[in-house]
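Inspection log for the structure reproduced underneath, given as structure tokens.
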Amino acid sequence: MHFARLLHLVDSALPTGSFAYSYGLESSHTFGLLRSSGDLRQYLYAYLQQAGSVELPFMHSAFQLTEKSPKFLTLAEEYNAQLLVPGLYKASAVQGRNWLKLLATFYPEAELECITNWFATQETPPHFTLVFTLALQRAGFALDELQAMYLHMLLRDQLSAAIRLGLLGPLEGHQLQHDFYAVFEHILAAQAGKGYGEAVRSAFMLDVAQVLHEDIYSKLFQN
């Protein structure tokens with residue numbers, strides 16, 4: 001039942017707001033970075049590699065420190081500073097708040113309001129990656145489970161956005177999702193044990209496309 005509960009928490013039907021964002025996929029397509037199925041595969045690989053090299057080290061440190069540590073404020077400030085795309089910055093904070101509200105109803109014994117109060121006191125946005133980790137750590141899940149499920153959420157949301165944009169069909173999307181699970185093992189192994197001081201960005205073209213999202217004349221997603 002423990003693993004089943006985690007699967008429920010990363011279900012796309014949970015109202016955390018991720019459905020409203022393509023995280024750069026729409027703008028990448030609009031500005032010509034995705035012109036074929038091969039381009040989409042390369043995009044997804046680069047997207048997941050960058051997520052692994054940035055998000056997983058922050059998750060590792062957040063899991064080990066928690067908001068109870070005096071050093072956590074530095075971590076939270078570092079994470080806040082590296083979110084340079086306004087749309088993604090806003091989305092991360094909104095999803096983080098929604099996540100904490102949702103999890104508090106599922107795990108009242110975890111006292112997740114302490115996390116909410118900490119971010120409010122420090123006047124720091126409760127970014128999704130950090131509160132996803134803190135909340136599930138309090139709920140009793142292991143770090144390796146959280147990191148694997150985090151990558152699953154990112155891949156699922158990207159493929160869902162690709163289907164909604166008409167870049168591929170549902171069957172093809174699920175086949176692609178199945179194929180990419182093999183990549184997870186390599187990403188997780190490459191980032192194992194790394195703290196947030198070792199986090200690096202590696203896909204700058206994706207960042208550029210995300211910044212240009214606001215210039216799209218007609219948009220399906222907020223970013």
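Computed over the chain, the alpha-carbon pair-distance distribution with 5 angstrom bins reads 1, 7, 15, 19, 21, 18, 12, 6, 2, 0, each value a whole percent. What is the distance in Å between the Cα centres of the range 1-76 and the range 112-129? About 19 Å separates the Cα centre of the range 1-76 from the one of the range 112-129.
Once you list every other residue whose beta carbon is under 12 Å from the beta carbon of Gly87, what net charge do they have if Lys and Arg are +1 and Asp and Glu are -1?
-2
Listed by chain and number, the aspartates and glutamates whose C-alpha is less than 20 Å from the C-alpha of Lys68, apart from same-chain residues fewer than 8 away, are Glu77, Glu78, Glu109, Glu111, Glu113, Glu123. For Leu56, the shell of other residues with beta-carbons less than 12 Å away shows a net charge of -2, using +1 for Lys and Arg and -1 for Asp and Glu.
Test of understanding: in a Gaussian network model of the chain with alpha carbons linked when under 10 Å, which of Ala91, Ala135, Ala120 would top the mean-square fluctuation ranking? Result: Ala120 has the largest fluctuation of those listed.
Just tell me the longest site-free run in the chain, where the sites are trypsin sites (Lys or Arg not before Pro) in a DSSP loop having at most 16 other beta-carbon atoms within 10 Å. Please report the intermediate quantities before stating the final value.
Details: sites that count: Arg35, Lys68, Lys71, Arg201, Lys219.
Longest gap between qualifying sites, sites excluded: 72-200.
Taking a ≥ b ≥ c as the square roots of the eigenvalues of the Cα gyration tensor, the range 84-157 is oblate, since a/c reaches 1.5 or more and a/b is not larger than b/c.
GNM on the chain, alpha-carbon springs under 10 angstrom: the most fluctuating residue among His60, His213, His186 is His186. Compared with the alpha-carbon gap, the fully stretched path from Thr66 to Val208 is longer by 47.9 nm at 0.36 nm per residue.
Ellipsoid fit via the Cα gyration tensor, the range 32-123: semi-axes of 30, 16, 13 Å, each the root of five times an eigenvalue, largest first. Label-to-label distance, Ala142 versus Ala189, with points set 7 angstrom from Cα along the beta-carbon direction: 1.8 nm.
Need the list of lysines near Lys90 for cross-linking: C-alpha distance under 19 angstrom, and skip anything on the same chain fewer than eight residues off. Lys90 reaches Lys101, Lys219. Here the Gaussian network model covers the chain, with springs between Cα atoms less than 10 Å apart; of Phe141, Phe19, Phe204, Phe204 fluctuates the most.
In units of 2.2 N^0.38 Å, what is the alpha-carbon radius of gyration of the range 1-51? The partial results should precede the final answer.
Working: Rg = 14.7 Å, N = 51, 2.2 N^0.38 = 9.8 Å.
In units of the 2.2 N^0.38 Å rule of thumb, it is 1.50.
Read the figures in this text as sums done on the coordinates, not as results from a lab. Being a predicted model, the structure only gives us computed values, none of them experimental. Neighbour counts run over all protein chains shown; Cβ positions are idealised from the backbone, glycine included.
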